[in-house]
1. Just the residues that are open to solvent by 60 Å² or more (accessible area, probe 1.4 Å), touching a residue at least 40 places away in the same chain (Cβ under 8 Å) and not in a strand (DSSP E or B), please, taken from the stretch 470-487.
2. If you check residue 374 against the conditions, is it assigned to a loop (DSSP other than H, G, I, E, B) and surrounded by 24 or more Cβ atoms within 10 Å (Cβ to Cβ)?
3. All but one of (1) closer than 26 Å to residue 244 by Cα; (2) touching a His at 6+ places or on another chain (Cβ under 7 Å) hold for residue 184, so report the exception by its number.
4. Restrict the check to the stretch 163-181 and report whether at least one residue is in a loop (DSSP other than H, G, I, E, B), touching a helix residue (DSSP H, G or I) at 6+ places or on another chain (Cβ under 8 Å) and on the phi < 0 side of the Ramachandran plot.
5. Might you let me know whether the stretch 613-620 holds any residue that is surrounded by 22 or more Cβ atoms within 10 Å (Cβ to Cβ), at pLDDT below 95, β-branched (Val, Ile, Thr) and assigned to a loop (DSSP other than H, G, I, E, B)?
6. Any idea how many residues of the stretch 527-555 are outside any strand (DSSP E or B), over 25 Å from residue 458 (Cα atoms) and open to solvent by less than 30 Å² (accessible area, probe 1.4 Å)?
7. Just one of (1) open to solvent by 20 Å² or more (accessible area, probe 1.4 Å); (2) over 22 Å from the mean Cα position of the chain (by Cα); (3) not hydroxyl-bearing (Ser, Thr, Tyr) trips up residue 128, so point out which.
8. Any residue in the stretch 185-201 that is under 23 Å from residue 280 (Cβ atoms), modelled with pLDDT of 95 or more and not hydrophobic (A, V, I, L, M, F, W, C)?
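The values are calculated or read from the model by the stated rules, or taken from the named source; none is laboratory data. Keep in mind it's a predicted model, so treat the numbers as computed, not measured. Glycine also receives a Cβ, built like all others from the backbone with ideal geometry; neighbour counts cover every protein chain displayed. Note: areas computed on protein heavy atoms with side chains; ligands, DNA, RNA excluded. Shrake-Rupley method; radii C 1.70, N 1.55, O 1.52, S 1.80 Å.
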Amino acid sequence: MRFDRQVWLRGACSIVILGIGNSCVAAKAPDASPNFTLETNVKSLTVTAASVAEPVTVSVKALNGFKGTVTVTVTGLPKNVIATPVTFDLRPGEAKAVDLLAYLTADEGDATVEFKGVSGHLTHAAPMTLDVKVVEPDAVTFHYDMGRTGWNPHETTLTLANVKAAKFGLLRILPVDGLVDAQPLYLSKLTIGGKVHNVVFAVTENDSVFAFDADTGAQIWKHSVLGANEQPSDDHGCGQISPTIGITSTPVIDRGAGPHGTIFVVGMTLDGSGGYHQRLHALDITTGAELHTPTEISASYPGTGANSSNGKVIFDPGQYAERAGLLLLNGVIYLGWTSHCDDDPYTGWLMGYSESTLQQTSVLNLTPNGSEGSIWMAGSGIAAGPAGSIYVLDANGTFDAVLNAEGFPVHSDFGNGFLKISTTDNKLAVEDYFEDLNTVSESNSDTDLGSGGALVLPDLKDASGKVFDLAVGAGKTGNIYVVNRADMGKFNPNNDNAIYQEIDGQIGGVWSMPAYFNNTIYYAAVSDNLKVFPIRNARLATSPAMQSANSFPYPGATPSVSSNGTENAIIWAVENNSPAVLHAYEASNLEEIYNSNQAANGRDNFGSGNKFITPMVIDGKVLVGTPSSVAVFGLLN
């Protein structure tokens, strides 16, 4: 017979009776001496090389009354990945944010990083997995990203040391057949015909799309989006886009769409019978061939506003131009429409089209029971936040100052507003907005918000660590509006107190958009200097911290920023003059380090200015659209 029984002897040992013998094992008393544990807020993290730093929060937890100081050191970092700070002290209950930054030359892949804490004879570590991603430098949309920050953090060639007239300048001119009103786009290491090219894409008001080898200047392909017996549209007696209207807005590229990748463009044409057409095209990035039958843009929307019939507002393609840069968001291409010199009748249209079929998925009219209220934003791109909402600055138009119980205009007219638009279930709807208390008079006097572009800021923290999701925009009045994307403020006819932040009188009128870099906003308004507005504790400075020595004539400038991570940061801006001038400034102090007038004998002269053009800096090159070309700047040797 076998039996098992355990007998406990208090404070000493246990005897286990197994039927074949017994044993006595001394019980180990728990360690009650002071100690600590080290913890991180994440167990794994992905960082993208030459992009923004990613934070890890490290904290110390006391055990058994531990009160000592723990010295923490970050170890196991892959090659060319840095931690800031790499060593620091913590006491129980304290936490420290450590930024992990990968340079473009970092080793790609997974690594185990340890946060090792030492206090006297005590040592503990908190390991985590770090995944380093290395990306090729591409520019596939206006101002680099959907937030329209204008910041390229992947620039490893151009530095503060070599962007000087002695080393940097005009490399070549890429000739095209009309005005380049859109920002050029760029793909690196694209295989075409068995050969690898770095490719510049440009579109013109002659309805042409060009692809050039960025390093040799050779034209790779050209495609016209004109139909049979068609020509580019006339300018409708309006000098804003003249003498012809073809492809005005910045296209968007999806490198993963179609057999080789796809560039999406909108072109306006005039047929032999005098009819106007707006069409969305999808072109193969390696050949320029049409991948789908181009989609004719048409739309209607419930309402009784301008150009309505039988209770619906009708989109007339001849009354509009597609000026705002295209947005590709979750497989849908979004288009915004503006007028020709405010010539009525027109209303505010936003439309979505499937990138895979080019079929319309959604339509929203922003002034369906009124008039005007277009989307143009001086050619800036339609912006989007990480949660999938769209942000635009709407131009002068009808706003219903009478609000419903939810605080929205009773007739759904949102002219001259800072708008947040939902895309849930492929349905477009205004989900929040802000209107200045003077919105109606501003629209009546054509001093509206719609001449500027919206910029979606990355997450920002105040002094207590609270995270704010913000966006910034300004228009013809020069008032800077910073909205909380979670609660934009809506409308109050008595004051603007509900907005997150409003800064008046610090810049001129805006016919452009700002750029963002490293907790700083850069604005270059009309007849004004390039000005720096730092962000501290999730608040924009109420006056500029510094400004450039030179100013910018109409329409001001939309700056771009290049850097390698946060190092060698350069602000680029084009002065719309004859000849036009490309300026480069050190980001930290706005000291000008280069302009295209510095070299002798007009070496870097690239022709007349083109009013809304934005410089695009990528892969050691600066690309600037002109009335007849794309100018390519870079290192001379």
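1. Narrowing the stretch 470-487 to residues open to solvent by 60 Å² or more (accessible area, probe 1.4 Å): 486-487.
Within this subset, residues satisfying the condition of being touching a residue at least 40 places away in the same chain (Cβ under 8 Å) are 487.
Within the stretch 470-487, none qualify.
2. Values: assigned to a loop (DSSP other than H, G, I, E, B): yes; surrounded by 24 or more Cβ atoms within 10 Å (Cβ to Cβ): yes.
Yes: the conditions hold for residue 374.
3. Going through the list (1) closer than 26 Å to residue 244 by Cα; (2) touching a His at 6+ places or on another chain (Cβ under 7 Å), residue 184 breaks only (2).
4. Within the stretch 163-181, one or more residues are in a loop (DSSP other than H, G, I, E, B), touching a helix residue (DSSP H, G or I) at 6+ places or on another chain (Cβ under 8 Å) and on the phi < 0 side of the Ramachandran plot.
5. The first filter runs over the stretch 613-620 and keeps only residues surrounded by 22 or more Cβ atoms within 10 Å (Cβ to Cβ), leaving 613-619.
With the extra rule that they be at pLDDT below 95, the set shrinks to 613.
Now narrow it down to the ones that are β-branched (Val, Ile, Thr): 613.
Imposing the further condition that a residue be assigned to a loop (DSSP other than H, G, I, E, B) reduces the set to 613.
Among the residues of the stretch 613-620, at least one is surrounded by 22 or more Cβ atoms within 10 Å (Cβ to Cβ), at pLDDT below 95, β-branched (Val, Ile, Thr) and assigned to a loop (DSSP other than H, G, I, E, B), which makes the answer yes.
6. At the first step, the residues of the stretch 527-555 found to be outside any strand (DSSP E or B) are 527, 537-538, 541-545, 553-555.
Applying the additional criterion that residues be over 25 Å from residue 458 (Cα atoms) yields 527, 553-555.
Those left that are additionally open to solvent by less than 30 Å² (accessible area, probe 1.4 Å): 555.
So the count comes out to 1.
7. (1)
8. yes
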